[in-house]
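Q: First, the structure itself, so that you have it in front of you.
Every number in this text was worked out from the coordinates using simple rules, so none of it is lab data. Keep in mind that this is a model prediction, so the values were computed, not measured. Cβ: placed from backbone, ideal geometry, glycine included. Neighbour counts: every protein chain shown.
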Amino acid sequence: MNKLIIVLSASLLIPCSANAADILNDESLIPDLSQDESMAVAPAGQKAFIPSFGGWFSPMILSETKSAYSLTTSMNVLRLWGRLSLGGNSFVYVRGRESYTAVIAKDKVSLSNKNDLDLDAGFVELATPRRAFTLDAGRKFFTVGTGLVLNGRGDGGDIVLKTPVVDLYAGGFYTGLIDKDSNPYGLSDKDLSDGAKRAFAFGTVERSFMNQTLYLFAVMQKDYAEEDSAEKIRYDSQYYGAGLKGDLGGGVDYYAEGIYERGSG
């Protein structure tokens with residue numbers, strides 16, 4: 001099977017209102033001055049082996065009531081994280097997730113309950129003082145472009161190299177080690193039953209100018225799902241794209257991204 005898909009997306013973001021706390025806490029509003037050497041500031045960094053930690057709890061209850069029955073679902077997620085500085089801008093980061101789901105019927109008898117423990121993230125980051133070069137290795141979140149093509153967790157690594165001409169971002173990862181119940185790449189029945197076993201490789205080149213950023217990217221996906229002899233379920237794909245994003249002034253941001261997809265399976 002050959003498949004050709006072209007996707008175009010664009011968005012214009014115009015803020016209506018925001019309180020002072022939201023503006024101060026929004027990191028997207030902090031300008032990137034890495035291209036302007038006269039404005040570059042070397043961060044102080046942290047001393048080696050300084051730990052920090054934290055976590056959060058997210059409870060949620062869904063209730064459905066009809067004339068014949070009522071059903072209540074409780075979903076509770078606890079995330080705990082720890083970070084150990086390696087000196088400067090380098091560190092080790094680990095975040096675990098524990099989720100408990102219970103389904104209760106009208107007679108208050110639990111129909112089902114499930115408890116899942118998973119590693120959300122666990123990686124080491126090595127960076128130069130001005131973060132002109134960054135290397136990550138382990139389980140982490142990967143995003144390419146706007147995230148339309150690739151936006152999720154995996155086990156692998158990436159590098160970021162910032163130069164006066166262009167910025168480079170490249171890496172790869174595998175999804176088969178993620179717990180199948182929290183695996184975000186389930187696109188087939190085999191993915192859902194066994195957990196998606198996919199490998200990704202990607203690369204991005206971008207150039208910033210006058211508060212605008214132009215970028216090109218490529219993403220390759222290889223499917224390693226176990227196939228039944230009677231039916232082929234694997235789908236290998238390639239994505240090539242270009243995008244433009246930036247600030248038009250007056251608090252107006254925009255982005256536009258075009259994607260070309262091809263694949264076979």
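Q: Can you figure out the FRET efficiency of residue 209 with residue 61, using R₀ = 51 Å and their beta-carbon distance, to the nearest 0.05?
A: Computed FRET efficiency for residue 209 and residue 61: 0.55.
Q: Could you calculate the FRET efficiency of residue 227 with residue 159 from 1/(1 + (r/R0)^6), where r is the beta carbon distance between them and R0 is 30 Å, rounded to 0.05? Intermediate results must be reported in sequence, preceding the final value.
A: Details: r = 33 Å, r/R0 = 1.11.
It comes to 0.35.
Q: Shifting gears a bit: Quote the Stokes-Einstein diffusion coefficient, in whole µm² s⁻¹, for the stretch 69-174, based on the Kirkwood radius over alpha carbon pairs, a temperature of 10 °C and a viscosity of 1.306 mPa s.
A: For these conditions, the coefficient is 95 µm²/s.
Q: Report, in listed order, any pair from 180/245; 140/162; 47/140; 140/245 with a Cα-Cα distance greater than 29 Å.
A: 180/245
Q: I've got another one for you. What FRET efficiency, computed as 1/(1 + (r/R0)^6) with R0 = 35 Å and r the Cβ-Cβ distance, is obtained for residue 113 and residue 83, rounded to the nearest 0.05?
A: So, using R0 = 35 Å, E works out to roughly 0.60.
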